[in-house]
1. Can you list residues from other chains, or at least 5 along the same chain, whose modelled amide H is less than 5 Å from the amide H of T15?
2. Could you give me the ³J(HN,Hα) list for segment 27-34, computed from phi with Karplus coefficients 6.51, -1.76, 1.60 and θ = phi - 60°, whole Hz, x at Gly and Pro?
Amino acid sequence: MLTNEQVINIYMVKTPSNVAAWDGSSDEWFKVHKVPTITNGSSSLSFPTQGINPVIIPLNLPDGQYLVCL
């Protein structure tokens, strides 16, 4: 549960050919999306995309396997 104002950042990284065996250690992660919170300054916290989960993946990504992290 989030109890203070935060932003959810969504990152991606291109992986080697065997994504299932890769541990994710890389300095090549890049941000593709962020979702800010909306707060009334005290007790209410929500996300403008609450209940909706589309994330636009950049169209210019090279073919391959990617990990997504938030």
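None of the figures in this text is laboratory data; all of them are computed from the coordinates on show. Since the structure is predicted, the reported quantities are computational estimates derived from the model, not experimental observations.
1. Amide H neighbours of T15: Q65, Y66, L67.
2. Once rounded to whole Hz, the list reads 9, 9, 4, 9, 7, 10, 6, 9.
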